[in-house]
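Following: one structure in structure tokens, then a few remarks.
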Amino acid sequence: MSVHPLQPIFWHQGLFLQPQHFQHNDNLFYQRLALFMAQTQPYPWGVLQLELDEAALQTLDFRVLALTARLRDGSFIQYPGNAVIESRGFELADLATGRTVYLGLRRMMPGQANVSVVDDPGQAQTVSTRMVAAADPVTVADDYAQGPEGQLDLMNYVLRVFWDEELPQLGHYELLAVARLEQDGDQARLQRQYIPPSLNLSASPWLIETIRRIRDELTGRARQLEVFKPGGLGRTEDLDGNHLSLLVALQVLNRYGPMLNHVLEAPQTHPWQVYGLLRQLVGELSTFSERYDMMGETRDGKVLAPPYQHEDLAAGFHAMSTLISALLNEIVAAPELLIRLQPVGASAGLYEAELPDAFFAARQRYHLVAYAGVEQQERLQSLAGDFKLCAPDQVELMVTHSLGGVELLKLAEPPRGIPRRPGALYCYIDPMSPGWAALEQTRAVSLVALGAPENLQIELIVSKW
């Protein structure tokens, strides 16, 4: 009669205990746990922590220094701890096209010897069974009642190193890809962007860096769009349809930026959960794109947001990062920087502000926006020719000698990517005019607007070309 691994033992009075009772009971526990995890948790296997000996690669030897992982069959590996792992040499010529390295644990073979007993610990790495035990038991203390010491025969999992070309002959092994080797001139090295199947983000520094880069890109773009928040130049009652769309885009970025930050603060998060979050982000960003739909597909059917691939995390997360960058670039260009000028003294007519270094970065364009309410529109338009933009130490010179300062060119329409407000005055600031050098030197700016309304608001907006 065959024995099913999920059949419980009938424990009863007078039962003559044999090793098989305990072996079956142990296996029953592991089978239940593995089945539960497989049916309730997506991809409940992979690396938790991995450290490889990169110095050994220079002598053409692959060696694992530390490993914590859960295999597909539920075996929990911790090395050093409950496992032994052999090292394995290789030839540099074999790395010409790259080589994936696997660790393999022999599957449990019912009815066969799955444990080898060795006298010398050095022999443990050479056995072909699933586990190995030392001939000499380990002496342990009584941790509960301080009774006499006892002896335990403990086992270790035996993991072996395999190459990708050997996979067809390894059907009797549980395999876990851990690294990819490549040739770099006359040396061997690890492929930095390779990510093994991982149980959490902390298993891969590259994975964490990818999520952090996406988070930072969202944060940077959100800061550019903050000019459209109610209360600034972009009050919702004044915005046209395009600017309202940018306000909605800001809402999307403000939702996912904190969520990604939350994920980075808990690196125990499974990559599958993070990938789902990125797919949601792609779906929402596609609202503002004419090229991609919510599934990340182009109009010609090209899929740029592939399904989650636990055994190829690098390809999936790289594709998502690239697609998210492309979607962000489809959002209409927004200001890089906004500087609000403050009135100087009690009387209207003079405004000043400090200028950060970022104001003078390369490949930028500059605009001045003035607003005092729709009812003041005509007055602003008539005064625009008398505005003088200059460094603070040049204000008196500009007024007394009627000089022009940095050239301001009045615009009939708001520039692309700058909030539209009824009644606002828009001017292009020419950074090639003579007075610009003084702004760079003083890192400050003044605007002389004699006769301007008392409620005048002045902002300098910086945009990328």
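Computed values, structure above
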quantity	calculated
Sole residue being touching an Asp or Glu at 6+ places or on another chain (Cβ under 9 Å), more than 30 Å from S116 (Cβ to Cβ) and at pLDDT 90 or above, chosen from Q191, Q224	Q191
Elements of type strands (runs of 3 or more DSSP E) contained in segment 368-465, each with 3 or more residues being more than 15 Å from Q342 (Cα to Cα)	408-411, 425-429, 457-464
Output for segment 295-317, where each listed residue is surrounded by 15 or more Cβ atoms within 10 Å (Cβ to Cβ) and assigned to a helix (DSSP H, G or I)	L313, A314, G316, F317
Every pair of residues 6+ apart whose Cβ atoms lie under 9 Å, when the first sits in segment 279-297 and is in the same structural domain as R221 (by TED's automatic domain parsing) and farther than 20 Å from L247 by Cα while the second is in a loop (DSSP other than H, G, I, E, B) and aromatic (F, W, Y)	R279/Y308
Some residue of segment 309-328 being on the phi > 0 side of the Ramachandran plot and without any contact (Cβ under 8 Å) to a residue 24 or more places away in the chain	no
Selection status of W11, of a type in the set (F, W, Y) and over 33 Å from the mean Cα position of the chain (by Cα)	yes
Residue identified as modelled with pLDDT under 95, surrounded by 15 or more Cβ atoms within 10 Å (Cβ to Cβ) and touching a strand residue (DSSP E or B) at 6+ places or on another chain (Cβ under 8 Å) among L233, L246, L328	L233
Meets criteria (over 22 Å from R212 (Cα atoms) and of a type in the set (A, V, I, L, M, F, W, C)) for M320	no
Candidate set from segment 1-49 (those that are of a type outside the set (S, T, Y) and over 26 Å from N114 (Cβ atoms)); member that is modelled with the highest pLDDT	Q49
Residue ID - nearest to E378 (Cα to Cα), chosen from residues in segment 399-430 that are loosely packed, with under 13 Cβ neighbours inside 10 Å and of a type in the set (S, T, Y)	S402
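Each row is one residue, and each column tells you yes or no for (1) surrounded by fewer than 20 Cβ atoms within 10 Å (Cβ to Cβ); (2) touching a Pro at 6+ places or on another chain (Cβ under 8 Å).
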site: V132; (1), (2): no, no
site: V138; (1), (2): yes, no
site: A145; (1), (2): yes, no
site: L159; (1), (2): no, no
site: D186; (1), (2): yes, no
site: R189; (1), (2): yes, no
site: P196; (1), (2): no, no
site: A203; (1), (2): no, yes
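The values are calculated or read from the model by the stated rules, or taken from the named source; none is laboratory data. Note that this is a predicted model, so its numbers are computed, not measured. Note: ideal-geometry Cβ built from the backbone for every residue, glycine included; neighbour counts use all protein chains shown.
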